[in-house]
Every structure is written in C-alpha cells, then in structure tokens.
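In what follows, a structure is listed as structure tokens, so that the remarks can point back to it.
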Amino acid sequence: MLNTFFPIAAQAVREPREAASTLMSMGVPTAALWPAFGALVCLSVILSFLSGGLEPAAGQASVGPLVLAVTSAVAGAASVFLVWKVGAAMDGTGRFEEALLLTVFLQGLIFAGQLVEFVLYLVVPALSGVFSIAIILLTFWINLNFIAALHGFSSLWRSFGVLLFASLGVALILIFLMSLLGVQFMAGGIA
C-alpha cells in the first residue's frame, strides 16, 4: 500500500490534478475508504495528543480526545458530502465515492506532513512552524486541484467557490455539533 501511496503523493505535490485522476482511475472499493477514513481520524487524534495539542491554554477548558475524534470525523464526512453536493450544484460531474477517495488520500498526506512536523518539533523546533505553514498552503493548493479534477472544472476559481461554500457548511455543522456536545464558545476560546 505504501509503495502506491508515496509515488502518488509525490505526483500530488508536482501535478495534483493528474494525481487525482490517477487515484480515481484505480478502482479503490468504497468499502475500503470508510475504514481508512476512520483510521486517519484516530491516528490524527493520537498524534495531536502526543504532540500536546490537546492541552488547553491558560484559562481554557480541555477538549478530550473523544470530542476531538467525533468533531474531526463529522467535519471530514461533512466536507466530503458538501464538496460533492456543492460541486454538483455548480455543474460538477464528481461522484460521492470519488470525493471520499480524494479526501481520504488528502487526509493521508496531511497526516504524513503532521508526522514530519512532529519530528521537526522534537529535533529543530524553529523549523516545525515554517513547515506547518508550508503544509497548510500545499494542502490548500492540492485540495483546489483535487476538486477541479473531481468535478471536471477547468478553473480553480470554481474549485475555490466549492471549497469556500463547503467550508462554511462544515463550520455551521461543527457549531451545531459543539452546542449539542455542550461545548460553549466564549471570548478568548472554548469554555
């Protein structure tokens, strides 16, 4: 599996649309994608815990790993659904299964980047912040191109529109979920 992941990951950095097309043509069964999605959510939460990402700042309440896992899973699933539906509303041709595949792959790339960032933080802390910013920008670029390939868009501006509206939808869903979980938002952070 890793012998397939790394070449496509390198292609995603150099030629993200072609990498998306390669992924969509591989015939990965949908039944394999949901467990991979769940595993990546769990691994990301574990890595956040190991790197101290779950420790609250002074004056803020702690968000436990289960809450983080649930919100991450809901945000990811909502993102898949909204990228598919918003893209379809903008005359995109992508299918839900393809949106799920590309999201899982992108989450795998993000997790790999987080692992490198974690090691950098342990070895050269000053570089980990710069690397984190680079990962965010690269992820944004790859995501725009993945959305374009998914929906057959020729313009990245249409992909940006899909990403913008999908992100707004995910934010609204997370606000609703947090209120259901009893998490209160206060000036200065989560209470």
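Below, the figures for the structure above:
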read-out: Filter pass, Ser62 being among the small types (Gly, Ala, Ser), assigned to a helix (DSSP H, G or I) and either modelled with pLDDT of 95 or more or farther than 27 Å from Ser154 by Cα (or both); value: no
read-out: Matching residues in the range 107-146 - criterion: being touching a Phe, Trp or Tyr at 6+ places or on another chain (Cβ under 8 Å) and β-branched (Val, Ile, Thr); value: Val116
read-out: The lone exception for Leu180 - which of (1) touching a helix residue (DSSP H, G or I) at 6+ places or on another chain (Cβ under 9 Å); (2) at pLDDT below 95; (3) part of a helix (DSSP H, G or I) it fails; value: (1)
read-out: In the range 12-46, residue surrounded by the most Cβ atoms within 10 Å (Cβ to Cβ) [restricted to those that are of a type in the set (Ser, Thr, Tyr) and in contact (Cβ under 8 Å) with a residue 60 or more places away in the chain]; value: Ser44
read-out: Sole residue being surrounded by fewer than 16 Cβ atoms within 10 Å (Cβ to Cβ) and over 14 Å from Gly92 (Cα atoms), chosen from Leu177, Leu137, Leu156; value: Leu137
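The values are calculated or read from the model by the stated rules, or taken from the named source; none is laboratory data. Owing to the predicted nature of the structure, the values given are computational and were not obtained by experimental measurement. Here Cβ is always computed from backbone atoms with ideal geometry, including for glycine, and neighbour counts include all displayed protein chains.
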